[in-house]
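Written out below as structure tokens is the structure these notes cover.
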Amino acid sequence: MPKRPLYHQDGTAALSASPDSRPQPDTPTPLLGGLTPAQFMRRYWQKRPLLIRGAVPDVEPPLSRDALFALAASDDAESRLVSQVRGRWRLDHGPFDSDALPSIKRRDWTLLVQGVDLHDDRARALLDRFRFVPDARLDDLMISYATDGGGVGPHFDSYDVFLLQVKGKRRWRISAQRDLTLKPGLPLKVLQHFEPEQEWVLEPGDMLYLPPHIAHDGVAVGECMTCSIGFRAPSANELIGQFLYYLAERGDVARSEAGARLYRDPHQEAVAHPAALPPALIAELGAILARVRWTERDLTSFLGSYLSEPKSHVVFDAPERPLAEAAFSRRAQLEGVRLDNKTALLYGARTYFVNGEEATLPRRRKWLLELADARRIEGKRFVTLLPDPSMTALLHEWYRAGWVRVGALL
């Protein structure tokens with residue numbers, strides 16, 4: 001099989017960006033090896049891998065090892081433990097008590113903790129660096145901790161991923177092979193025939209971008225931590241099924257009174273084979289589906305609600321002693337406000353979507369669009385928006401629900 005070239009970029013020290021600033025489409029950034037986000041999206045996104053040395057200079061793990069282990073013990077986080085015992089793969093699901101994890105002196109095990117950005121401000125700030133991709137596609141930041149030799153085996157992902165080394169070293173091998181057959185009978189999706197084409201050792205600050213279906217295998221060289229920034233890639237079946245359910249739930253499957261009528265079969269004849277499906281019932285279902293109609297507004301409403309819906313395990317922490325609206329406003333003028341790490345806020349042409357709920361954009365909508373894009377409103381900016389009392393009232397409502405916080409990220 002011909003080898004797919006991997007293009008290599010080196011970070012440029014002169015191209016600096018604030019760690020908590022949103023990347024601008026046409027501004028070069030060391031995160032992408034000196035490319036602008038626009039150039040990266042055109043040349044590499046879903047097209048070919050990219051190795052970036054020094055993508056995040058002087059990077060530090062968002063969480064220490066002990067803090068990551070503590071998060072893996074929580075019911076609020078998704079965690080997995082992958083290990084090899086006498087050459088056989090083993091997969092366990094968390095939460096893990098402190099004594100449930102193997103010794104850090106033992107080789108060949110990996111702890112994976114999903115959605116760390118939901119629980120830690122530094123992880124959220126790191127994830128924000130990748131918001132040159134729409135939030136509707138951005139999924140989460142996962143941290144992989146591994147002892148020497150640890151990994152999850154050669155595999156492929158069905159989504160884009162950035163693999164940022166934040167502690168220690170990891171050896172990556174990749175391949176653009178077409179044979180993606182998996183080994184049967186394993187608890188993990190491990191490739192049956194892995195044929196590596198490229199190999200590198202990544203050190204802290206180095207990053208590897210992989211588009212979907214690029215086979216890869218990462219093995220820890222000593223103790224290491226890797227941050228994986230993953231993206232949502234819903235299947236057509238998922239979107240179709242959820243959209244039809246959405247229409248049916250709203251009563252819009254058939255946009256007429258006939259949509260609510262009961263099935264009738266006054267001409268049904270007696271049958272000798274009662275277990276056979278009636279042809280008339282099959283035809284009726286076909287007629288119902290043929291009457292299904294939708295508009296672009298329906299599609300926007302569905303996607304915004306569906307993609308902003310928190311995952312089932314997410315719980316918002318409302319303030320124990322919430323400030324009254326006036327006190328909230330005074331503090332916001334000094335410290336600003338920001339979306340809670342768990343909050344998803346998207347918008348369309350007419351409506352916005354917050355944590356799965358849809359509402360009409362306010363008449364004075366600029367502040368809400370700014371909040372959605374920046375995920376914060378600075379104190380000085382909040383002062384200029386005070387003439388709109390509906391903004392303060394809505395933000396205070398979100399604050400009481402735990403969707404908004406006062407002050408900047410830690």
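The values are calculated or read from the model by the stated rules, or taken from the named source; none is laboratory data. Treat the numbers as computed from the prediction; the structure is a model and nothing was measured. Here Cβ is always computed from backbone atoms with ideal geometry, including for glycine, and neighbour counts include all displayed protein chains.
Check the range 29-36 and report whether any residue there is free of Cβ contacts under 8 Å to residues at least 40 places away in the same chain and assigned to a strand (DSSP E or B).
no
Looking at the structure I just gave you, is LEU71 touching a Ser or Thr at 6+ places or on another chain (Cβ under 8 Å), at pLDDT 95 or above and either polar (S, T, N, Q) or assigned to a helix (DSSP H, G or I) (or both)? Walk me through how you get there before you give the answer.
Values: touching a Ser or Thr at 6+ places or on another chain (Cβ under 8 Å): yes; at pLDDT 95 or above: yes; either polar (S, T, N, Q) or assigned to a helix (DSSP H, G or I) (or both): yes.
Here the answer is yes, as LEU71 does meet what is asked.
This table checks each residue for (1) in contact with an Asp or Glu (Cβ under 8 Å, 6 or more places away or on another chain); (2) hydrophobic (A, V, I, L, M, F, W, C); (3) at pLDDT 90 or above.
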site: ALA290; (1), (2), (3): no, yes, no
site: SER301; (1), (2), (3): yes, no, yes
site: GLU309; (1), (2), (3): no, no, yes
site: VAL315; (1), (2), (3): yes, yes, yes
site: ALA318; (1), (2), (3): no, yes, yes
site: ALA326; (1), (2), (3): no, yes, yes
site: SER329; (1), (2), (3): no, no, yes
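Here is a list: VAL406, VAL383, VAL337, VAL315. Which entry is surrounded by 16 or more Cβ atoms within 10 Å (Cβ to Cβ) and either over 19 Å from ARG22 (Cα atoms) or of a type in the set (S, T, N, Q) (or both)? Reasoning before the result, please.
Numbers: VAL383 fails: surrounded by 16 or more Cβ atoms within 10 Å (Cβ to Cβ); VAL337 fails: either over 19 Å from ARG22 (Cα atoms) or of a type in the set (S, T, N, Q) (or both); VAL315 fails: surrounded by 16 or more Cβ atoms within 10 Å (Cβ to Cβ).
None of the other options fit; the residue is VAL406.
Picking from PRO102, PRO134, PRO95, which residue would you name as being in contact with a Phe, Trp or Tyr (Cβ under 9 Å, 6 or more places away or on another chain), surrounded by fewer than 20 Cβ atoms within 10 Å (Cβ to Cβ) and assigned to a loop (DSSP other than H, G, I, E, B)? I'd like the intermediate steps shown before the answer.
Numbers: PRO134 fails: in contact with a Phe, Trp or Tyr (Cβ under 9 Å, 6 or more places away or on another chain); PRO95 fails: in contact with a Phe, Trp or Tyr (Cβ under 9 Å, 6 or more places away or on another chain).
Just one listed residue meets the conditions, PRO102.
Among the listed residues ARG321, ARG297, identify the single one that is surrounded by fewer than 14 Cβ atoms within 10 Å (Cβ to Cβ), in a helix (DSSP H, G or I) and either in the same structural domain as GLU378 (by TED's automatic domain parsing) or free of Cβ contacts under 8 Å to residues at least 60 places away in the same chain (or both).
Values: ARG321 fails: in a helix (DSSP H, G or I).
Exactly one of ARG321, ARG297 is surrounded by fewer than 14 Cβ atoms within 10 Å (Cβ to Cβ), in a helix (DSSP H, G or I) and either in the same structural domain as GLU378 (by TED's automatic domain parsing) or free of Cβ contacts under 8 Å to residues at least 60 places away in the same chain (or both), namely ARG297.
Looking at LEU141, is it buried (at least 19 other Cβ atoms within 10 Å of the Cβ), part of a strand (DSSP E or B) and within 14 Å of the chain's Cα centre (by Cα)?
Working: buried (at least 19 other Cβ atoms within 10 Å of the Cβ): yes; part of a strand (DSSP E or B): yes; within 14 Å of the chain's Cα centre (by Cα): yes.
Yes: the conditions hold for LEU141.
If a residue must be assigned to a strand (DSSP E or B) and not hydrophobic (A, V, I, L, M, F, W, C), how many such residues does the range 152-173 contain?
If we filter the range 152-173 for residues that are assigned to a strand (DSSP E or B), which is where we start, we get 155, 161-173.
Among the residues that remain, those that are also not hydrophobic (A, V, I, L, M, F, W, C) are: 155, 165, 167-171, 173.
Total meeting the criteria: 8.
Can you find a residue in the range 372-383 that is modelled with pLDDT of 95 or more and under 28 Å from THR295 (Cα atoms)?
Yes, the range 372-383 contains at least one residue that is modelled with pLDDT of 95 or more and under 28 Å from THR295 (Cα atoms).
I'm trying to understand the selection: among the residues of the range 182-221, which are of a type in the set (A, V, I, L, M), surrounded by fewer than 20 Cβ atoms within 10 Å (Cβ to Cβ) and not in a strand (DSSP E or B)?
Filtering the range 182-221 down to residues of a type in the set (A, V, I, L, M) leaves 182, 186, 188, 190-191, 201-202, 207-208, 210, 214-215, 219-221.
Now drop any that are not surrounded by fewer than 20 Cβ atoms within 10 Å (Cβ to Cβ), which leaves 182, 186, 188, 190, 201, 221.
Of everything in the range 182-221, those that are of a type in the set (A, V, I, L, M), surrounded by fewer than 20 Cβ atoms within 10 Å (Cβ to Cβ) and not in a strand (DSSP E or B) turn out to be LEU186, LEU188, VAL190.
Return yes or no: is LEU368 assigned to a strand (DSSP E or B) and either assigned by TED's automatic domain parsing to the domain that holds TYR399 or buried (at least 18 other Cβ atoms within 10 Å of the Cβ) (or both)?
Values: assigned to a strand (DSSP E or B): no; either assigned by TED's automatic domain parsing to the domain that holds TYR399 or buried (at least 18 other Cβ atoms within 10 Å of the Cβ) (or both): yes.
Considered against the rule, which asks whether it is assigned to a strand (DSSP E or B) and either assigned by TED's automatic domain parsing to the domain that holds TYR399 or buried (at least 18 other Cβ atoms within 10 Å of the Cβ) (or both), LEU368 comes out as no.
List every residue pair whose Cβ atoms sit under 7 Å apart, with the two residues 6 or more apart in sequence or on different chains, where the first one lies in the range 148-161 and is farther than 24 Å from PHE40 by Cβ and in the same structural domain as PHE194 (by TED's automatic domain parsing) and the second, anywhere, is surrounded by fewer than 19 Cβ atoms within 10 Å (Cβ to Cβ) and of a type in the set (Gly, Ala, Ser).
Correct list of pairs: ASP148/GLY222.
Note down all Cβ pairs under 6 Å where the first residue falls in the range 229-248 and is farther than 24 Å from ALA123 by Cα, the second is modelled with pLDDT under 95 and in a loop (DSSP other than H, G, I, E, B), and they're at least six residues apart or on different chains.
Here the result reads LEU247/VAL253, each pair linking the range 229-248 to a residue that is modelled with pLDDT under 95 and in a loop (DSSP other than H, G, I, E, B).
Which residues, counting only those in the range 105-127, are farther than 12 Å from ALA77 by Cα and either small (Gly, Ala, Ser) or buried (at least 20 other Cβ atoms within 10 Å of the Cβ) (or both)?
First, the residues of the range 105-127 that are farther than 12 Å from ALA77 by Cα: 105-111, 121-127.
The answer is TRP109, THR110, LEU111, ALA123, ARG124, ALA125, LEU126, LEU127.
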